[in-house]
Amino acid sequence: MNTDPSILSIENLSIAYDKDKLAVKNVSATIKKNAITAIMGPSGCGKTTLLRAINRMHELYPNISTEGKIKLYDENIYDMSTIKLRRKVGMVFQRPNPFPTLSIYENVIAGYKLNGINLKRSERDEIVETSLKNVALWEEVKNSLHKKGNFLSGGQQQRLCIARTLAFKPDVILLDEPTSALDPIATAKIEDLLVDLKQNYTIVLVTHNMTQAARISDNSMYMYLGELIEYDETTQIFTNPKHTSTQNYITGRFG
Amino acid sequence: MDKTNILLDKKRTEIIPDSFIGRNARNRLFLGVVIFFSVLTISMVFLIIGTMLFKGYHQINWAFFSQTPPNTFEAMMAKSSGNIIPGGIVNGILGSLYLVVIASLIAIPLGLLIGIYLYENSSKKYAGVIRDITDILQGVPSIVIGLIVYLWVVVNVTKGYSVLAGSVALALMMLPLIIRSTEESLKMIPDTLKEAAIALGTPYYKVILRVLIPTSFTGLMTGILLAISRILGETAPLMLTTLGNPAINWNITKPVGAVPLLIWQFYNDPNMVDLIWSSSLFLMGFVLILNLLSKWIGARRRI
Ligand SMILES: Nc1ncnc2c1ncn2[C@@H]1O[C@H](COP(=O)(O)OP(=O)(O)OP(=O)(O)O)[C@@H](O)[C@H]1O
Ligand SMILES: [Mg+2]
């Protein structure tokens, strides 16, 4: 594995929705800064749970219990306030979910609005413009910034959601199957975008699509039944997996 | 079964006509019955509206909206000389508005809060109990609500018939409607929207105030307007709580007039019959406008 500096380190993380059934089993891993890390594995293996644990969104489920640590730089995220954590670790969801009552402009700065952070008009304009340019949506929407976003296509809406996450200038962006609701062209655009974004952000991506992981990720995790079976550079995982389970998965024998 | 057999069977049913009357005839009969009852229902509605318009329109004038009702002698004199009945129902209109506003001030915040609580804790046992109580409250006959509020408020709080008592009774009738519509419209919001806000580090109370409520605003408004139009015509509980008042009154601890109460009063006075129709017309027009408004808002619902 390469030696770039790491940003997140997951230490002996176990998560259970109900007391006895572990959804994530004793996972330890460090995530590299300015890289794309893909999490793969068959349905129900705990990818979403692990991803959501990184910005503590998993705590929305009432009976969940978590053991272990995740360190962001050197701070345990379970000792931070969720509000502070979620500003540093943003999240993009499977289905595009722009706020339907807000305009495109307001959607991009929704994080500031919802947190009651007042910005000067010029600052706001700048954040909106750079965020939308970052997701290659600016040219398409610059003349309808103050319209509601519901006329946008699914792919455009998903890019708007990424822009909304970027606007907060997070360190890490978590994406849970962000292209599974999109057509191939929109998917390709998002993939290109993620590759561009890794210069400035650390990206963790859950994907069901192995070719997607192979195309854009630097490192890949393979999970099975809650365990992290294998974690390595993506080329390594796809060309020379160490575990038969990984091999079976990437050759499409199950999953 | 053999494929050709099925094909043959199909042909046979097409060739051989249905037993008694032909299929076409049966279809036509069914259509006829449907049309007959639709026309019957529609004509009932038009008959009601038509009757009120026909019998009520000539009493609708400026005085109708700006003056209190005449006494029975004045009405009799006007009728015997072939004039329309003087005066109007301003005390009832203002009283009804007063009651609705106070009832709304009680029922809307409470209903929204309870609705939000039910939505947030939908699986908890306590929420189930509240939901059952809400259903029971919705089923309580309005006259019984009137009686209860008479005991609580008229006897114990305002020591007499009052706006407050009437508003409490109406609020109790609005409450279950608002609670239910709040919970239902919040449930229609996809969870992903809530998560989007939470993932931006938004504190939870702000997620409710700035995302959930604005997103379900049309649904909430529809529920509120329907609840109001539902109570506007209530008469029985008001008889036991606000009594009625021939003059305009703004004192919350004193009785007040209301349009449905006036209709009942006019009904009991042979000289005032004409005012029944114009008052009914007014009431129905008002309810109709509220209903259309809530439909219009509902049609603009997003997501
Ligand atoms: N809300 C929940 N309550 C109880 N158990 C859950 C809940 N969500 C997930 N689980 C369980 O936790 C395990 C991991 O689920 P998770 O959603 O993390 O899997 P996943 O890898 O993301 O699957 P998929 O590829 O289908 O999205 C599964 O066994 C699942 O049944
Ligand atoms: Mg998942």
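For the stretch A:162-179: of the residues being assigned to a strand (DSSP E or B) and away from ligand 1 (no atom under 16 Å from the Cβ), which is surrounded by the fewest Cβ atoms within 10 Å (Cβ to Cβ)?
Out of the qualifying residues, it is A:Val172.
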- [ ] Would you check which residues across the stretch A:156-185 are under 12 Å from the mean Cα position of the chain (by Cα) and either farther than 19 Å from B:Ala197 by Cβ or more than 16 Å from ligand 2 (Cβ to nearest atom) (or both) and list them?
- [x] A:Cys161, A:Ile162, A:Thr165, A:Leu166, A:Pro170, A:Asp171, A:Val172, A:Ile173, A:Glu177, A:Thr179
Open item on the list: Tell me yes or no: at least one residue of the stretch A:160-177 is free of Cβ contacts under 8 Å to residues at least 12 places away in the same chain and more than 20 Å from A:Lys32 (Cβ to Cβ).
Closed with: no
Open item on the list: Tell me the residue from A:Ile64, A:Ile10, A:Ile70 that is under 27 Å from A:Gln247 (Cβ atoms), in contact with a strand residue (DSSP E or B) (Cβ under 6 Å, 6 or more places away or on another chain) and among the aliphatic types (A, V, I, L, M), please.
Closed with: A:Ile10
Open item on the list: For B:Pro214, only one of the following conditions fails: (1) touching a residue at least 40 places away in the same chain (Cβ under 8 Å); (2) within 14 Å of chain A (Cβ to nearest Cβ). What is its number?
Closed with: (1)
Task: Residues (surrounded by fewer than 19 Cβ atoms within 10 Å (Cβ to Cβ) and farther than 15 Å from A:Met223 by Cβ) located in the stretch A:8-52 - done: A:Ser9, A:Glu11, A:Asn12, A:Ala16, A:Tyr17, A:Asp18, A:Lys19, A:Asp20, A:Lys21, A:Thr30, A:Lys33, A:Asn34
- [ ] Look through B:Phe65, B:Phe46, B:Phe37, B:Phe20 and report the one residue that is farther than 29 Å from B:Ser96 by Cβ and modelled with pLDDT of 90 or more.
- [x] B:Phe37
Task: Test result for B:Glu195, crowded, with 16+ Cβ neighbours inside 10 Å, more than 10 Å from chain A (Cβ to nearest Cβ) and not in a loop (DSSP other than H, G, I, E, B) - done: no
Open item on the list: Return the residues of the stretch A:73-111 that are within 9 Å of chain B (Cβ to nearest Cβ), in contact with a Pro (Cβ under 7 Å, 6 or more places away or on another chain) and without any contact (Cβ under 8 Å) to a residue 60 or more places away in the chain; say none if nothing qualifies.
Closed with: A:Ile83, A:Thr101
Open item on the list: I'm trying to understand the selection: among the residues of the stretch A:23-44, which are away from ligand 2 (no atom under 16 Å from the Cβ) and aliphatic (A, V, I, L, M)?
Closed with: A:Ala29, A:Ile31, A:Ala35, A:Ile36
- [ ] Report the residue count in the stretch A:180-215 for those that are within 14 Å of ligand 1 (Cβ to nearest atom), outside any helix (DSSP H, G or I) and either out of contact with any Lys or Arg (no Cβ under 6 Å at 6 or more places or on another chain) or within 14 Å of chain B (Cβ to nearest Cβ) (or both).
- [x] 7
TODO: Pull up the stretch A:54-64, narrow it to residues that are touching a residue at least 12 places away in the same chain (Cβ under 8 Å) and within 12 Å of A:Tyr17 (Cα to Cα), then point me to the one that is farthest from the chain's Cα centre (by Cα).
DONE: A:Asn63
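Looking at the stretch B:115-132, which of its residues are surrounded by 13 or more Cβ atoms within 10 Å (Cβ to Cβ) and part of a helix (DSSP H, G or I)?
B:Gly115, B:Ile116, B:Tyr117, B:Leu118, B:Tyr119, B:Glu120, B:Ala127, B:Gly128, B:Ile130, B:Arg131
For the subset of the stretch A:206-223 comprising residues that are among the hydroxyl-bearing types (Ser, Thr, Tyr) and away from ligand 2 (no atom under 14 Å from the Cβ), which member is modelled with the lowest pLDDT?
A:Thr211
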- [ ] Go through the residues of the stretch A:78-89 one by one and say whether even a single one is within 16 Å of ligand 1 (Cβ to nearest atom) and either in contact with a Lys or Arg (Cβ under 8 Å, 6 or more places away or on another chain) or not in a loop (DSSP other than H, G, I, E, B) (or both).
- [x] no
Task: Among (1) in a helix (DSSP H, G or I); (2) in contact (Cβ under 8 Å) with a residue 60 or more places away in the chain; (3) away from chain B (no Cβ under 11 Å) - the single one A:Glu123 does not satisfy - done: (2)
Open item on the list: For the structure I just gave you, tell me whether B:Leu97 is surrounded by fewer than 17 Cβ atoms within 10 Å (Cβ to Cβ), at pLDDT 95 or above and either in a helix (DSSP H, G or I) or within 14 Å of chain A (Cβ to nearest Cβ) (or both).
Closed with: yes
TODO: Please verify whether the stretch B:195-206 includes one or more residues that are under 26 Å from B:Leu225 (Cβ atoms) and either in the same structural domain as B:Ile252 (by TED's automatic domain parsing) or of a type in the set (A, V, I, L, M) (or both).
DONE: no
- [ ] Residue by residue through the stretch B:64-95, note down the ones that are in contact (Cβ under 8 Å) with a residue 40 or more places away in the chain, among the polar types (S, T, N, Q) and farther than 15 Å from B:Ala247 by Cβ.
- [x] B:Thr72
Task: Among (1) away from ligand 1 (no atom under 16 Å from the Cβ); (2) within 14 Å of chain B (Cβ to nearest Cβ), the one test that A:Ser153 misses - done: (2)
Open item on the list: Given (1) among the small types (Gly, Ala, Ser); (2) in the same structural domain as B:Pro260 (by TED's automatic domain parsing); (3) more than 18 Å from B:Gln265 (Cα to Cα), identify the lone condition not met by B:Ser81.
Closed with: (2)
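The values are calculated or read from the model by the stated rules, or taken from the named source; none is laboratory data. On a predicted model such as this, the values are computed, not experimentally measured, just so you know. Reconstructed Cβ throughout: ideal geometry from the backbone, glycine too, with neighbour counts over all protein chains shown.
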